[in-house]
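Take a look at the structure set out below.
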Amino acid sequence: MSATISSGPVSSALMPAIAETAASTSRPLRDGILQTDPPRLLGSVCRACSTRLFPARDFCPSCGSDDVEGGIPLATTGMVYSFTVVRQAPPGRETPYSLAYIDLADGVRVMAQVTGDPDALHIGAPVRLDIRTVARRDGCDLIGYVFVPSLEPEVA
Ligand SMILES: [Zn+2]
């Protein structure tokens with residue numbers, strides 16, 4: 001994870017823990033759901049019927065096969081299939097915000113927050129993926145994902 005491990009006088013038994021602590025200032029909200037370089041959501045694909053899913057699963061709900069491959073980078077653009085505006089949320093969460101089903105260009109349907117003015121969002125709106133810090137916990141940035149409207153609404 002880090003290239004800062006030295007061969008100095010510090011006990012080598014201690015070094016891995018120190019290096020790991022220094023390097024883990026950010027991590028995905030959930031393991032295995034995304035990569036940051038290049039920014040992509042990671043899904044799964046069924047080798048039997050080619051169904052792609054996010055998040056990744058160990059079996060295919062479409063055909064029942066367990067011949068499924070994970071860690072598949074998904075498309076970064078899509079369109080809003082449907083959405084709702086969340087107006088009440090747990091403390092610390094700013095409202096209102098849009099929560100949408102997004103149909104990605106490769107056919108995968110993803111649920112995610114869409115940034116921007118909820119009143120300007122509409123079904124069919126083109127959106128693009130943005131991997132970003134979505135929370136901070138125990139001094140660690142949690143990396144998650146949102147979708148951003150591709151076309152900013154024109155100012156009247
Ligand atoms: Zn399948």
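The residue that is farthest from the chain's Cα centre (by Cα), among those in segment 53-64 that are part of a loop (DSSP other than H, G, I, E, B) and surrounded by 12 or more Cβ atoms within 10 Å (Cβ to Cβ), is Cys63. When we screen Leu53, Leu42 for residues that are farther than 24 Å from Leu151 by Cβ and either of a type in the set (Gly, Ala, Ser) or more than 10 Å from the ligand (Cβ to nearest atom) (or both), the only hit is Leu42. Can we say Arg27 is surrounded by 13 or more Cβ atoms within 10 Å (Cβ to Cβ), at pLDDT below 95 and not hydrophobic (A, V, I, L, M, F, W, C)? Yes, satisfied.
Residues checked against (1) at pLDDT below 95; (2) closer than 30 Å to Thr51 by Cβ; (3) polar (S, T, N, Q):
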site: Thr84; (1), (2), (3): no, yes, yes
site: Pro90; (1), (2), (3): yes, no, no
site: Val108; (1), (2), (3): no, yes, no
site: Ala120; (1), (2), (3): yes, no, no
site: Arg128; (1), (2), (3): no, yes, no
site: Arg136; (1), (2), (3): yes, no, no
site: Leu142; (1), (2), (3): yes, yes, no
site: Phe147; (1), (2), (3): no, yes, no
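Residues in segment 56-100 that are away from the ligand (no atom under 14 Å from the Cβ) and of a type in the set (A, V, I, L, M, F, W, C): Leu74, Ala75, Met79, Val80, Phe83, Val85, Val86, Ala89, Leu99, Ala100.
Here Ser50 meets each of (1) outside any strand (DSSP E or B); (2) in contact with a Ser or Thr (Cβ under 8 Å, 6 or more places away or on another chain); (3) of a type in the set (S, T, N, Q) with one exception, condition (2).
The values are calculated or read from the model by the stated rules, or taken from the named source; none is laboratory data. These numbers come from a predicted model, not from an experiment. Note that each Cβ is placed from the backbone with ideal geometry, even for glycine, and that neighbours are counted across all protein chains shown.
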